[in-house]
Amino acid sequence: HLSHYHRKTDRPHFTDKNPANWRYAGLIHTILPNARIIDARRDPLDCCFANLRQHYQWGVNFSYGQTEVAGQYREYLRLMRHFDVLVAPSHQEPFGTVISEAMAVGTPVVATRVGGLAEIVDDGVTGLLVEPGEPDALAAAVLEVLGRRDAMSAAARQAARRFGADAYADRVEALIRP
């Protein structure tokens, strides 16, 4: 979407929104090693529900039942640890589960400064925050994160521990302990 309206180059590009095509990211990278693959997605429940209710052509069997949708999403998360950066160009977002998932596997984030995203991303440390509706700033932030990926990846993985089950249990215990 963004690339069509805000491109400043004549270089070839392709936008594909088929939810099953994440499986081909490795193949695309092998065939086109200089290609940039950008993953922009919504909250997991939104993604899974949208896929469950969407009527795809015959053969996209992961969209026909809750178990299949959940399995597809689990596999997607396993692949995400190999991504260079997660882009979350939201206009509103209460928490940002997808961001905490990406950070947990060491994927730095470029997100918009909306809702709970600004509380999750430590701007300049675990990723970068930009104002919503500014595609040029979003693109510049992606390039900056790619240039600092190693440091931001380690910081993101460390910071995401606060969202893990053990950290959550510790916080709950501290609240109920006399």
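The values are calculated or read from the model by the stated rules, or taken from the named source; none is laboratory data. Since the structure is predicted, the reported quantities are computational estimates derived from the model, not experimental observations. Here the Cβ positions follow ideal geometry from the backbone for every residue, glycine too, while neighbour counts run over all protein chains shown. Calculation scope for accessible area: heavy atoms of the full protein, side chains included, ligands and nucleic acids excluded. Shrake-Rupley method; radii C 1.70, N 1.55, O 1.52, S 1.80 Å.
Are there any helices (runs of 4 or more DSSP H) wholly within region 123-178 with 3 or more residues that are in contact (Cβ under 8 Å) with a residue 40 or more places away in the chain, and if so which?
135-147, 149-159
I need the full set of residues from region 77-108 which are among the charged types (D, E, K, R) and under 18 Å from residue 132 (Cβ atoms), in order please.
93
Yes or no: region 111-120 includes at least one residue that is open to solvent by 30 Å² or more (accessible area, probe 1.4 Å), in contact with an Asp or Glu (Cβ under 7 Å, 6 or more places away or on another chain) and not in a helix (DSSP H, G or I).
Yes, that holds for at least one residue.
Counting just the residues of region 47-66 that are of a type in the set (S, T, N, Q) and not in a helix (DSSP H, G or I), which one comes out modelled with the lowest pLDDT?
The qualifying residue modelled with the lowest pLDDT is 57.
Can you pull out the residues in region 148-178 that are open to solvent by 70 Å² or more (accessible area, probe 1.4 Å) and hydroxyl-bearing (Ser, Thr, Tyr)?
168
Would you check which residues across region 67-100 are over 20 Å from residue 150 (Cβ atoms) and not in a helix (DSSP H, G or I) and list them?
88, 89, 90, 91, 92, 93, 94, 95, 96
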